[in-house]
Amino acid sequence: MGEDTESTKINHTFLRDYVTEADVISTVEFNQTGDLLATGDKGGRVVIFQRETESKGESEEVGDTGDSGEYNVYSTFQSHEPDFDYLKSLEIEEKINKIRWLPQQNAAHFLLSTNDKTIKLWKVSERDKRPEGYNLKDEEGRIKDVSTITSLQVPVLKPTDLMVEVRPRRVFSNGHTYHVNSISVNSDGETYLSADDLRINMWHLGITDRSFNIVDIKPANMEDLTEVITSAEFHPHHCHLFVYSSSKGTLRLCDMRASALCDKHAKLYEEPEDPGSRSFFSEIISSVSDVKFSHSGRYMLTRDYLTAKVWDLHMDKGPVETYQVHEYLRSKLCSLYENDCIFDKFECVWNSSDSVIMTGAYNSFFRMFDRETGRGVTLEAWRESSKPRAVLRTRHVYTGGKRRRGDVGVDSLDFSKKILHMAWHPAENIIAIAATNNLYIFQDRVNPDALTQ
């Protein structure tokens, strides 16, 4: 009897699209030079990519001078493991919430990684030599019998294959009762802050057993709780300033020179609410999921569910710029609430000159806005665009009127394909986009208006 060929076929599409939860990327971060790119995932792993240097012939071939935009795996290590809080009978996930690089001081690189509870400082270094000729050890590392040693020699360093070593240097634990959502390195290079839902702590990089609480919004009675901290960041130039955002859509700028405990903010940034547009979902969609200082330190970029906003530090009455990311979803808020997508936390980033902002959306879409013209473009991170030299095509979401070829209907959007995490190279037009378990890196080889990989 013949074998049923239909039953023996493998569904390659299913295998290709199958993603284990542990492989989903949860954070992306360039270092200060942009030569290294780190990603963290829900399985507690950190993968570091290094930028490859182009040879002269390859540079001339693509009509470019300088480095390639190609990044290859440099090192992979397990940063966090699953843990258990026995006092509260709660599991602590290994998921990496944030990664932040420290300014480079020597040949080694240092980075901070955190899960919900524990922050770790890692040292990343290279070794291409090994010592030989020990007096008290043999070639295999075993201790020699002292009575057999008749002469002394000077150990020498001999070349060996390049090895990348990643070692934990500090473990900062027991500083947070609630889940850590942000870490930010101070411009002084010696301290950093970590924020959870109700508190912000400041740590010294050399001291692990204590931190200093600088913000505490926990009420005496938890029933009086009206908002939580969603994100926090130090000012890029002034070590005494930091900002934190809340679930009510407000930003609070704090000055540590005024008070050791910054419960009283220096400035409150808030957009007046239009009473006519208030709905059941107003408070949920106004919650700020991310806040980033511009490189100049003059502006702040925030992201809520439907919009991205730019705030001037000198103007606290409202944002100076508002960009609609996916306004077409306003009519879908009820279904987005039912499937929990309304609680997704999108990140936002600046380009190196603070002239363009970028943030994520659904259906593997991400959006860029030119601050000078106010125009936005929708781009898609998908497998076809990951081919070398492929040009990113612009996409449009059809909301009514004349439908153009290639437009995507609102009802056809795939809400499981969300772009939450991204990073922009600190000096060039190179972007890193995390789409579930895929990392896309795109480079502008011509001009800022045409992104290619």
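The values are calculated or read from the model by the stated rules, or taken from the named source; none is laboratory data. The shown structure was predicted, so the numbers you read here are calculated from the model rather than taken from an experiment. Note that we place each Cβ from the backbone using ideal geometry, even for glycine, and neighbour counts take in every protein chain shown. When the accessible area is computed, the model is the full protein with side chains, heavy atoms only, and any ligands, DNA or RNA have been set aside. Shrake-Rupley method; radii C 1.70, N 1.55, O 1.52, S 1.80 Å.
Okay, residues lined up against (1) of a type in the set (Phe, Trp, Tyr); (2) on the phi > 0 side of the Ramachandran plot; (3) assigned to a strand (DSSP E or B); (4) surrounded by 12 or more Cβ atoms within 10 Å (Cβ to Cβ):
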residue: His80; (1), (2), (3), (4): no, no, no, yes
residue: Phe84; (1), (2), (3), (4): yes, no, yes, no
residue: Leu87; (1), (2), (3), (4): no, no, no, no
residue: Glu91; (1), (2), (3), (4): no, no, yes, no
residue: Lys95; (1), (2), (3), (4): no, no, no, yes
residue: Gln104; (1), (2), (3), (4): no, no, no, yes
residue: Ala107; (1), (2), (3), (4): no, no, no, no
residue: Leu112; (1), (2), (3), (4): no, no, yes, yes
Quiz item: Do we have Phe346 as farther than 17 Å from Phe442 by Cβ, at pLDDT 85 or above, open to solvent by less than 70 Å² (accessible area, probe 1.4 Å) and touching a Lys or Arg at 6+ places or on another chain (Cβ under 7 Å) here?
Solution: yes
Exercise. Looking only at region 211-239, count how many residues are more than 14 Å from Tyr192 (Cβ to Cβ) and in a loop (DSSP other than H, G, I, E, B).
Key: 11
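Table: residues versus (1) open to solvent by less than 20 Å² (accessible area, probe 1.4 Å); (2) acidic (Asp, Glu); (3) on the phi > 0 side of the Ramachandran plot.
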site: Phe365; (1), (2), (3): yes, no, no
site: Gly374; (1), (2), (3): no, no, yes
site: Ala381; (1), (2), (3): yes, no, no
site: Leu392; (1), (2), (3): yes, no, no
site: His396; (1), (2), (3): no, no, no
site: Thr399; (1), (2), (3): no, no, no
site: Asp407; (1), (2), (3): no, yes, no
site: Trp424; (1), (2), (3): no, no, no
site: Glu428; (1), (2), (3): no, yes, no
Practice problem: Can you run down the residue pairs with Cβ atoms below 9 Å, 6 or more apart or on separate chains, where the first is in region 295-315 and open to solvent by 10 Å² or more (accessible area, probe 1.4 Å) and at pLDDT 95 or above and the partner is of a type in the set (Phe, Trp, Tyr) and not in a strand (DSSP E or B)? | Solution: Asp304/Phe346
Exercise. Of the conditions (1) modelled with pLDDT under 85; (2) under 17 Å from the mean Cα position of the chain (by Cα); (3) hydrophobic (A, V, I, L, M, F, W, C), Val62 clears all except one; give me its number.
Key: (2)
Exercise. Please find, among Lys129, Lys158, Lys120, the residue that is in a strand (DSSP E or B) and within 18 Å of Leu37 (Cα to Cα).
Key: Lys120
Practice problem: Within region 272-294, track down each residue that is more than 16 Å from Ile229 (Cβ to Cβ) and either surrounded by 18 or more Cβ atoms within 10 Å (Cβ to Cβ) or modelled with pLDDT of 95 or more (or both). | Solution: Ile285, Phe293, Ser294
Self-check item: Filtered residue count, region 392-430, keeping only those that are among the charged types (D, E, K, R) and in contact with a helix residue (DSSP H, G or I) (Cβ under 8 Å, 6 or more places away or on another chain)
Solution: 2
